[in-house]
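Engineer: Please read through the structure below; I'll follow up with questions.
The values are calculated or read from the model by the stated rules, or taken from the named source; none is laboratory data. Predicted, not measured: the structure shown is a model, and the values here were computed from it. Neighbour counts run over all protein chains shown; Cβ positions are idealised from the backbone, glycine included. SASA here: full protein model, heavy atoms, side chains in, ligands and nucleic acids out. Shrake-Rupley method; radii C 1.70, N 1.55, O 1.52, S 1.80 Å.
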Amino acid sequence: MHHINLNTYMLITVCMVIATFIIRFSIIGLAGRFNMSERFKKTLRFVPVTVLPAIIAVSILGAGEHMEFNLQNPKVLAAIVCTLVSFKFDLIWVVISGIASLLFFQYFLCYLC
Amino acid sequence: MNKKYFLMGLKAISPLCVGGFPFSFIVGAISISVGMSITQSTLWSFTVFAGSAQMVALGLIQSSGSILIIMLTTFIINLRHVLYSASMAEYMKDYSFPMRALMAYGLTDEVYAATIDEMKLNKKDRHWFYLGAMGGFWFTWVLANFLGAIVGSSFPEIADYGLDFAMVAAFIAIVIPQVKNRECITAAIVATITGILLSDLPYSLGLVIAACIGVFAGYRMDLSTEAMQKEEDIQRIKKDKEEENLNTQGKELCNASY
């Protein structure tokens with residue numbers, strides 16, 4: 001197995017740390033120097049409800065030509081179970097039911113095939 | 001130090017740690033296969049602390065991508081964190097510069113999702129809650145990466161055991177209770193559909209665009225709801241005035257007939 005050059009490793013790490021930190025600190029760093037309008041603050045409540053569903057959808061269905069949007073995809077079925085469970089139960093139960101139902105559907109669908 | 005808040009933060013992030021663990025474990029395993037040592041891999045996760053960006057960077061290292069491309073890709077993949085940063089800024093603005101820098105350093109998807117509701121409450125020691133959540137996730141992230149680096153390279157089929165689905169399940173549990181009015185429902189549906197349609201775009205750009213379009217859709221819905229409410233208020237005031245006028249006229253007629 002080849003080993004990564006130490007200088008290359010250091011450079012990659014430093015670049016990635018800077019790129020990540022600049023973004024995360026961008027507006028927090030400026031906080032207090034300008035006042036955000038009420039409208040802007042109100043609109044920001046949409047951030048989690050847009051980013052997370054988009055990540056969920058792509059994680060479940062796959063991307064581009066590998067997309068699998070049907071009930072033969074065990075992740076779609078497991079996500080439906082998670083959604084139903086989340087109406088009544090806490091996060092940890094949703095995670096447990098999600099993994100359990102995914103394993104069940106993977107086994108079940110394999111069995112059907 | 002407010003121990004109670006710190007532990008509350010740890011408790012809030014713990015289910016998300018379950019979700020993050022296998023992801024970081026896989027990152028650790030792959031990093032070994034691209035030529036990092038266990039120490040390098042662990043230090044990398046400790047300092048960079050950005051899951052999807054690390055995963056994509058490993059792919060780029062494997063295909064001999066240039067440093068500039070790796071940095072640009074990290075920047076683009078993490079662009080969605082600008083929105084988190086903007087969302088958190090209001091609740092972090094009173095803290096010192098080093099404290100804000102520390103809190104921003106660990107502002108991942110999971111930390112944001114687990115802490116935003118508590119931060120909104122504006123309680124005095126809320127930063128301890130945040131630091132508890134961030135510390136818990138950071139520790140889990142590095143530990144999982146370390147273990148992944150040790151044994152992960154000989155266990156590549158971990159995805160078949162459903163552990164990678166834990167993060168998706170955790171996100172579902174966080175989102176569903178938040179999608180409770182028509183504005184949020186619209187924003188979520190628009191972002192999801194756009195995300196699916198643009199999933200082919202490189203560097204997770206589709207996610208950034210989907211989120212922006214979703215937020216814009218939510219903003220337009222807000223405007224339309226406010227316009228509707230204003231219209232209803234005007235109608236109600238008009239109706240009240242008309243009733244008042246009728247009452248006055250009625251009274252005047254009664255008085256006149258006497």
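Engineer: Return the residue satisfying two criteria in turn: it lies in region B:110-122 and is touching a residue at least 12 places away in the same chain (Cβ under 8 Å) and open to solvent by 10 Å² or more (accessible area, probe 1.4 Å), and of such residues it is nearest to B:Thr42 (Cα to Cα). So that I can check it myself, show each step before the final result.
Structural biologist: Going through region B:110-122, the residues touching a residue at least 12 places away in the same chain (Cβ under 8 Å) turn out to be B:110-116, B:118-120, B:122.
Imposing the further condition that a residue be open to solvent by 10 Å² or more (accessible area, probe 1.4 Å) reduces the set to B:110, B:113-114, B:118, B:120, B:122.
Details: B:Glu110: 20, B:Ala113: 24, B:Ala114: 24, B:Glu118: 30, B:Lys120: 33, B:Asn122: 35 Å.
By that ranking, first place goes to B:Glu110.
Engineer: Right, another one. If you check A:Ile55 against the conditions, is it closer than 30 Å to B:Ser224 by Cα and either at the interface with chain B (Cβ under 7 Å from one of its Cβ atoms) or part of a helix (DSSP H, G or I) (or both)?
Structural biologist: Working: closer than 30 Å to B:Ser224 by Cα: yes; either at the interface with chain B (Cβ under 7 Å from one of its Cβ atoms) or part of a helix (DSSP H, G or I) (or both): yes.
So A:Ile55 passes the test.
Engineer: From (1) open to solvent by 40 Å² or more (accessible area, probe 1.4 Å); (2) among the polar types (S, T, N, Q); (3) at the interface with chain A (Cβ under 10 Å from one of its Cβ atoms), pick out the condition that doesn't hold for B:Gln54.
Structural biologist: (1)
Engineer: Just wondering, is there one or more residues in region A:16-25 that are open to solvent by less than 80 Å² (accessible area, probe 1.4 Å), touching a helix residue (DSSP H, G or I) at 6+ places or on another chain (Cβ under 7 Å) and farther than 22 Å from B:Gly106 by Cβ? Step through it out loud before you land on a result.
Structural biologist: First pass over region A:16-25, keeping only residues open to solvent by less than 80 Å² (accessible area, probe 1.4 Å): A:16-21, A:23-25.
The next check asks that each one be touching a helix residue (DSSP H, G or I) at 6+ places or on another chain (Cβ under 7 Å); those that pass are A:16-17, A:19-21, A:23-25.
Now narrow it down to the ones that are farther than 22 Å from B:Gly106 by Cβ: none.
Within region A:16-25, not a single residue is open to solvent by less than 80 Å² (accessible area, probe 1.4 Å), touching a helix residue (DSSP H, G or I) at 6+ places or on another chain (Cβ under 7 Å) and farther than 22 Å from B:Gly106 by Cβ.
Engineer: Counting only residues that are crowded, with 20+ Cβ neighbours inside 10 Å, in contact (Cβ under 8 Å) with a residue 60 or more places away in the chain and among the aliphatic types (A, V, I, L, M), how many does region B:19-51 have?
Structural biologist: The number of residues fulfilling the criteria is 6.
Engineer: Taking region A:88-105 on its own, how many of its residues are open to solvent by 30 Å² or more (accessible area, probe 1.4 Å) and more than 7 Å from every other protein chain (Cβ to nearest Cβ)?
Structural biologist: 8
Engineer: Let me ask another. Within region B:187-203, can you find the residues that are open to solvent by less than 40 Å² (accessible area, probe 1.4 Å) and either of a type outside the set (A, V, I, L, M, F, W, C) or closer than 20 Å to B:Ser52 by Cα (or both)?
Structural biologist: Step one: of region B:187-203, the residues open to solvent by less than 40 Å² (accessible area, probe 1.4 Å) are B:187-188, B:191-192, B:194-196, B:199.
Listed by number, the residues that qualify are B:Ala191, B:Thr192, B:Thr194, B:Gly195, B:Ile196, B:Ser199.
Engineer: Which one is nearest to the other protein chains (Cβ to nearest Cβ), of the residues in region B:79-106 that are modelled with pLDDT of 85 or more and assigned to a loop (DSSP other than H, G, I, E, B)?
Structural biologist: Ranking the candidates gives B:Lys93 first.
Engineer: Same structure again: Hey, any hits in region A:5-13 for a residue that's within 7 Å of chain B (Cβ to nearest Cβ) and under 22 Å from the mean Cα position of the chain (by Cα)?
Structural biologist: Looking for residues that are within 7 Å of chain B (Cβ to nearest Cβ) and under 22 Å from the mean Cα position of the chain (by Cα), one finds none in region A:5-13, hence no.
Engineer: Right, next: What are the pairs, 6+ residues apart or on separate chains, where a residue within region B:183-195 that is more than 7 Å from every other protein chain (Cβ to nearest Cβ) and part of a helix (DSSP H, G or I) has its Cβ under 6 Å from a residue that is of a type outside the set (A, V, I, L, M, F, W, C) and open to solvent by less than 10 Å² (accessible area, probe 1.4 Å)?
Structural biologist: B:Glu183/B:Gly218; B:Glu183/B:Asp222; B:Val190/B:Gly214
Engineer: Hey, another quick one. Residue check: is A:Leu77 more than 8 Å from chain B (Cβ to nearest Cβ) and surrounded by 15 or more Cβ atoms within 10 Å (Cβ to Cβ)?
Structural biologist: On the way: more than 8 Å from chain B (Cβ to nearest Cβ): yes; surrounded by 15 or more Cβ atoms within 10 Å (Cβ to Cβ): yes.
Judged against the criteria, A:Leu77 is a match.
Engineer: OK, next. Please go through region B:72-85 and give me each residue that is open to solvent by less than 10 Å² (accessible area, probe 1.4 Å) and over 17 Å from B:Ala210 (Cβ atoms), ordered by number. Explain how you work it out, then say what you get.
Structural biologist: The initial filter retains those residues of region B:72-85 that are open to solvent by less than 10 Å² (accessible area, probe 1.4 Å), namely B:73-74, B:77-78, B:81, B:84-85.
Listed by number, the residues that qualify are B:Thr73, B:Thr74, B:Ser85.
Engineer: Checking A:Lys88 against (1) closer than 26 Å to B:Ala12 by Cβ; (2) part of a helix (DSSP H, G or I); (3) more than 21 Å from the chain's Cα centre (by Cα): exactly one of these is not met. Which one?
Structural biologist: (2)
Engineer: Quick check on region B:57-78: of everything there that is of a type in the set (Ser, Thr, Tyr) and within 25 Å of the chain's Cα centre (by Cα), which residue is farthest from the other protein chains (Cβ to nearest Cβ)?
Structural biologist: Here is the first cut: in region B:57-78, the ones of a type in the set (Ser, Thr, Tyr) are B:63-64, B:66, B:73-74.
Those left that are additionally within 25 Å of the chain's Cα centre (by Cα): B:73-74.
Working: B:Thr73: 9, B:Thr74: 4 Å.
Residue satisfying both the conditions and the ranking: B:Thr73.
Engineer: Which of (1) closer than 25 Å to B:Ile76 by Cβ; (2) at pLDDT below 90; (3) assigned to a helix (DSSP H, G or I) is the odd one out, the single condition B:Tyr219 does not satisfy?
Structural biologist: Evaluating B:Tyr219 over (1) closer than 25 Å to B:Ile76 by Cβ; (2) at pLDDT below 90; (3) assigned to a helix (DSSP H, G or I) leaves (2) as the failure.
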